[in-house]
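Please read through the structure below; I'll follow up with questions.
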Amino acid sequence: MNLNLTGKSALVCGSTQGLGKASAVELALLGASVVLMARNEQSLQKTQSELDTSKGQKHSFIVADFSDVKQVGERVNEFVKKNPPVHILVNNTGGPPGGPIVDAALKEFVDAFSAHLLCNHILTQAVVPGMKAEYYGRIINIISTSVKQPIAGLGVSNTIRGAVASWAKTLAGELAPFGITVNNVLPGMTKTGRLDALIKSKSETSGKSIEQITNEMIAEIPAGRFAMPEEFGAVVAFLATPAASYINGINLPVDGGRTLSL
């Protein structure tokens with residue numbers, strides 16, 4: 001099985017923490033040169049220094065804020081013009097704030113649509129010409145299990161994630177003839193800062209202790225535990241490899257069996 005990414009370049013968004021960072025780490029371990037992308041330059045420098053370089057990789061980073069669509073486009077296009085082709089794109093950014101959908105302000109939908117779908121699209125347009133030229137491309141979108149089963153209290157997120165999933169499925173069909181696959185990876189409850197914040201919020205809203213909320217959430221997971229970030233990152237890295245060349249247009253949950261739908 002060919003899991004070797006030596007000589008491949010991977011652009012990983014939201015890669016200084018959580019699932020994005022875990023994905024970047026695993027891609028580097030398989031030999032990819034990783035281009036980190038996030039808004040905090042100091043965090044980018046720190047993460048870059050932590051990536052594996054044992055296979056001669058040269059890692060780099062792009063500073064961009066996903067709340068500024070124009071800036072994201074300018075920065076990625078500037079990078080692509082000056083550097084070798086990007087073979088792997090991992091689209092990822094922080095999820096919208098929680099809350100009932102009926103209470104959501106219109107601006108919340110617009111902001112989330114811009115940060116997720118529009119930025120994904122801009123990044124994809126920037127790297128696809130290079131992928132076509134190399135006849136090798138992997139576009140991997142980190143979204144949510146809500147595309148299979150809406151998550152209570154995440155109204156805006158449920159809506160926007162569904163839009164990203166449909167965009168990706170359409171793209172998968174268009175790009176497959178060029179050796180490019182497009183897949184969505186759906187994280188379940190994973191031990192990240194976002195999960196900690198969600199547990200804290202539920203605790204404050206319900207009056208229950210953090211321990212109670214944690215235990216209730218774990219009880220919903222057949223595996224009986226939260227995932228570790230590196231378990232999720234390993235799935236992203238696999239989908240980026242030559243071994244995954246015939247996997248295209250899917251929504252892949254990494255959730256310990258929590259999602260009830262097929």
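Rounded to the nearest 500, what is the 222 nm mean residue ellipticity of the chain from helices alone, with -39500 (n - 2.57) per DSSP H run of 4+ residues and division by all residues? It would help to have the intermediate numbers written out before the result.
Values: 9 runs with 117 residues, N = 262.
Value at 222 nm, helices only, nearest 500: -14000 deg cm²/dmol.
While we're looking at this one, here's another question. Got a sec? Charge dipole of the chain, +1 on Cβ for Lys and Arg, -1 for Asp and Glu; which of 11, 135, 93 is way out at the positive end?
Working it through, the farthest residue towards the positive pole turns out to be 135.
Note down the relative contact order for the chain as a percent, whole number, built from C-alpha pairs under 8 angstrom at least six residues apart. It would help to have the intermediate numbers written out before the result.
Working: 497 pairs, mean separation 54.4, N = 262.
Over the chain, the number comes to 21 percent.
Normalized C-alpha radius of gyration of segment 65-177, against 2.2 N^0.38 Å?
Values: Rg = 15.1 Å, N = 113, 2.2 N^0.38 = 13.3 Å.
Taking the Cα Rg and dividing by 2.2 N^0.38 Å, one obtains 1.14.
Taking all pairs of different Cα atoms in segment 145-262, averaging 1/r and flipping that mean, what Kirkwood radius in angstroms comes out?
On the way: mean 1/r = 0.0634 Å⁻¹.
One over the average 1/r among Cα pairs gives 15.8 Å for segment 145-262.
Angle between the Cα long axis of helix 193-206 and the longest principal axis of the chain, 0 to 90 degrees, nearest 10?
The angle comes out near 20 degrees.
Right, another one. In a Gaussian network model over the chain where Cα atoms closer than 10 Å are linked, find which of 173, 14, 73 has the largest mean-square fluctuation.
Sorting by GNM fluctuation, first place goes to 173.
May I ask for log10 I(q)/I(0) of the chain at q = 0.08, 0.10, 0.17 Å⁻¹, from a Debye sum over the Cα atoms as equal point scatterers with solvent left out?
-0.30, -0.47, -1.39
Could you name the lysines whose alpha carbon sits less than 22 Å from that of residue 81, not counting residues in the same chain fewer than 8 places away?
Correct list for residue 81: 8, 58, 70, 132.
Sticking with this structure for a sec: Straight-line reach from residue 191: which lysines have Cα under 23 Å away, leaving out those fewer than 8 places along the same chain?
Partners within reach: 21, 46, 148, 200, 202, 208.
Which whole-Hz couplings ³J(HN,Hα) result when phi for each residue of segment 62-74 is put into the Karplus expression 6.51 cos²θ - 1.76 cosθ + 1.60, θ = phi - 60°, listed in order with x for Gly and Pro?
Once θ is set to phi - 60°, the couplings for segment 62-74 become 10, 8, 7, 9, 6, 7, 10, 4, 4, 5, 4, x, 5 Hz.
First obtain the Kirkwood hydrodynamic radius of segment 111-168 from its Cα pairs, then insert it into the Stokes-Einstein equation at 25 °C and 0.890 mPa s, and state the resulting D in µm² per second as a whole number. Intermediate results must be reported in sequence, preceding the final value.
Numbers: Rh = 12.4 Å.
After rounding, the answer is 197 µm²/s.
In whole Hz, with x marking every Gly and Pro, tabulate ³J(HN,Hα) for segment 90-105 from phi via Karplus 6.51 cos²θ - 1.76 cosθ + 1.60, θ = phi - 60°.
So the Karplus estimates, Gly and Pro as x, are 10, 7, 6, 7, x, x, x, x, x, x, x, 5, 5, 8, 5, 6 Hz.
Per q in 0.11, 0.12, 0.19, 0.21 1/Å, what log10 I(q)/I(0) does a Debye calculation on the alpha-carbon atoms of segment 1-86 return?
Each listed q maps to, in turn, -0.27, -0.33, -0.80, -0.95.
Further, regarding this structure: In the Gaussian network model of the chain, springs joining C-alpha atoms below 10 Å, which of 48, 17, 125 carries the largest mean-square fluctuation?
125
Roughly how large, in nm² to one decimal, is the mean projection of the convex hull of the alpha-carbon atoms in segment 199-248? Write down the numbers at each step before the final one.
On the way: hull surface 20.3 nm².
The number I arrive at for segment 199-248 is 5.1 nm².
Follow-up question, since we're still on this one. Taking segment 39-84, how much of its Cα-Cα pair set, in percent, is spaced more than 15 angstrom apart? Walk me through the numbers on the way to the answer.
On the way: 550 of 1035 pairs.
Across segment 39-84, Cα pairs with separations above 15 Å total 53 percent.
Kindly put 175, 106 in sequence by how many other C-beta atoms sit within 10 Å of each C-beta, fewest to most. Could you put the intermediate results ahead of the total?
Numbers: 175 20, 106 7.
In increasing order of surrounding Cβ atoms, one gets 106, 175.
Throughout, read-outs are computed from the coordinates displayed, never taken from laboratory work. Since the structure is predicted, the reported quantities are computational estimates derived from the model, not experimental observations. Note that we place each Cβ from the backbone using ideal geometry, even for glycine, and neighbour counts take in every protein chain shown.
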